[in-house]
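In what follows, a single structure is set out as structure tokens and then discussed.
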Amino acid sequence: MADRYTTNRLNSGLSWADVTPKEVFLNRRQWLAGSGAMALAATLPRQAQARIEAAKSRYSTDEAPNSFEDITSYNNFYEFGFDKTDPATHAGGLTISPWTVEIDGLVEKPGSYDLADLVKGMPIEERIYRFRCVEAWSMVIPWIGFELAALLNRVGVQPGAKYVAFTSLARAEEMPGVARGLLDWPYREGLRLDEAMHPLTILATGLYGEEMPRQNGAPIRLVVPWKYGFKSAKSLVRITLTDSQPPTTWNMMQPNEYGFYANVNPEVSHPRWSQASERRIGGLFAKRVDTIKFNGYGDQVASLYAGQDLAKDY
Ligand SMILES: Nc1nc2c(c(=O)[nH]1)N[C@H]1C(S)=C(S)[C@@H](COP(=O)(O)O)O[C@H]1N2
Ligand SMILES: [Mo]
């Protein structure tokens, strides 16, 4: 089954087989047929190669994923610059091994975890999610990862914890946007504990069955599919359980434009543009589509916000 396109190693020397039960593997062709993406594959040679994939998840959309090319060439990762092409151009030299993630705050087992130890035993699967940037463009991305809840349960959340704070790497020597001080680094994000524990919230370690490309937030990043893309912090180095709402990068910079919640919501316009529709990236499939509340994940997540006014808690 393996060929030269096959990724069989995780970032820290663990093979997929070490962390994923055999039965969750499927031949890529079966996966493509199953996800209705055969036609797309025929037009995109890179995706058509038989690579090993994790099984479909019931949380995945059956919408056709964007091409690997789209997903890895049109990025927001300001540590490497403001332009959409900056991350692909400048992230190639980022050192991602060794990599440690500090887990601290209100947890039972705080520590500095080597990535391999952190990922070991986590139930890795593929999650094909819609991804909606606050700038009103979107993609469909086949992530590989595991539920953040699995990790939080393993390290043990203390009773007083109410929020989870995420910190991205800020390494000036390898990140030109950090060196130039484009933002107040490090990039910080946060979730309420119930949002962090929701099964849709994942830590992604790859996409399209490959290790995470650097421009997409290697070696490990957050993905929260019902929120605007800026919540999904990349290249995480620290996860902190707190009892109060943590400061977050975009909210600190422009609080009237970017809220802490940042749930995708077509009814609440950004002060400078409408959020009613979005541009679905993709040469062959470029189109304008209506934005759906909670990015289409309302059935699963709307109950988290019962009693909250989402126009106020934007
Ligand atoms: N550390 C860090 N994380 C980040 C960003 C960033 O600039 N730095 N940009 C965010 C924004 S605005 C978006 S839309 C997504 C883009 O993810 P992608 O490039 O993998 O599509 O990453 C988010 N995570
Ligand atoms: Mo974004």
- line: The strands (runs of 3 or more DSSP E) lying entirely within the range 58-140 that contain at least 1 residues which are under 17 Å from the mean Cα position of the chain (by Cα) are 100-105, 125-132
- prompt: Which of the residues that make up the range 294-314 are surrounded by fewer than 17 Cβ atoms within 10 Å (Cβ to Cβ) and aliphatic (A, V, I, L, M)?
  reply: 302, 304, 306, 310, 311
query: Looking at (1) over 17 Å from residue 236 (Cβ atoms); (2) in contact with a Leu (Cβ under 9 Å, 6 or more places away or on another chain); (3) more than 16 Å from ligand 2 (Cβ to nearest atom), which is the one condition that is false for residue 125?
result: (2)
- prompt: Pairs under 8 Å by beta carbon, first residue free of Cβ contacts under 8 Å to residues at least 24 places away in the same chain in the range 85-113, partner part of a loop (DSSP other than H, G, I, E, B) and not polar (S, T, N, Q), six or more apart or different chains?
  reply: 85/74; 89/81
message: Any residue that is buried (at least 16 other Cβ atoms within 10 Å of the Cβ), aliphatic (A, V, I, L, M) and more than 16 Å from ligand 1 (Cβ to nearest atom) - is there at least one of those in the range 88-104?
response: yes
field: Flag if residue 291 is within 16 Å of ligand 2 (Cβ to nearest atom), surrounded by 17 or more Cβ atoms within 10 Å (Cβ to Cβ) and farther than 29 Å from residue 89 by Cα
entry: yes
- request: Output the residue which, of all residues in the range 141-167 that are in contact with a helix residue (DSSP H, G or I) (Cβ under 8 Å, 6 or more places away or on another chain) and assigned to a strand (DSSP E or B), is farthest from ligand 1 (Cβ to nearest atom).
  value: 157
query: For the range 270-283, what are the residues that are of a type outside the set (A, V, I, L, M, F, W, C), closer than 22 Å to residue 75 by Cα and outside any strand (DSSP E or B)?
result: 272, 274, 275, 282, 283
query: Residues of the range 128-164 being more than 16 Å from ligand 2 (Cβ to nearest atom), of a type in the set (A, V, I, L, M) and closer than 14 Å to residue 59 by Cα, which ones?
result: 128, 144
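None of the figures in this text is laboratory data; all of them are computed from the coordinates on show. None of these values were measured; they are calculated from a predicted model. Heads up, the Cβs are rebuilt from the backbone with ideal geometry, glycines too, and the neighbour counts pull from every protein chain shown.
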